[in-house]
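The values are calculated or read from the model by the stated rules, or taken from the named source; none is laboratory data. In this text, all values refer to a predicted model and were calculated from it rather than measured experimentally. Methodologically, a virtual Cβ is constructed for each residue, glycine included, from the backbone with ideal geometry; neighbour enumeration extends over all protein chains shown. Areas reflect the complete protein model, heavy atoms only, side chains present, ligands, DNA and RNA absent. Shrake-Rupley method; radii C 1.70, N 1.55, O 1.52, S 1.80 Å.
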Amino acid sequence: MFEINGILWRILFVNGNSEHLLRSDGTHSLAVSDWNDKTVYLSDVPKNGYLRKILAHELCHCFCFSHNITMPIEQEEYLADWISLYGTDLIYLLDELMANIQIGVA
């Protein structure tokens, strides 16, 4: 389990054909974040780096839900994709910059 903005979420790995991975248009996905039961459903198929990208994408949706951030679904999908591709680099760079700023300030 993990918490975002005081809301507890869980991650559940399911079979790739699980009904939990059905999108509203009837197609299957590799992951779905369900606000109703505060669960990220992940297919048990993706591994390693691909799983990391998928989970980063879904966490973006969880943050949006948990902070009541609403936007058109196309925009939210674009943001989640961006986070899954570049979010780690952003955080590592931020940590590096903050470490240098702290050294420079002290």
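Summary of values
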{"item": "Angle between the chain longest axis and helix 48-66 axis [Cα atoms, degrees, rounded to 10]", "result": "90"}
{"item": "Per residue solvent-accessible surface (Å²) - region 11-94, probe of 1.4 Å", "result": "65"}
{"item": "Prolate/oblate/rounded call for region 62-106, Cα gyration tensor, a/c under 1.5 rounded", "result": "prolate"}
{"item": "Separation of the residue 78 and residue 19 label points, Cα + 7 Å toward Cβ, nm", "result": "3.5"}
{"item": "Shape call, region 1-40: gyration tensor on alpha carbons, a/c limit 1.5", "result": "prolate"}
{"item": "Compactness relative to 2.2 N^0.38 Å, alpha carbon Rg of the chain", "result": "1.24"}
{"item": "Relative contact order, percent, the chain [alpha-carbon distance under 8 Å, six or more residues apart]", "result": "21"}
{"item": "Fully extended contour minus Cα-Cα distance, from residue 48 to residue 70, at 0.36 nm per residue", "result": "4.9 nm"}
{"item": "53, 47, 38, reordered so the largest accessible area comes first (probe 1.4 Å)", "result": "47, 53, 38"}
{"item": "Accessible surface of the chain, 1.4 Å probe, proportion on carbon and sulfur as whole %", "result": "59"}
{"item": "5 angstrom amide H check on residue 13, placed H, neighbours 5+ away", "result": "42"}
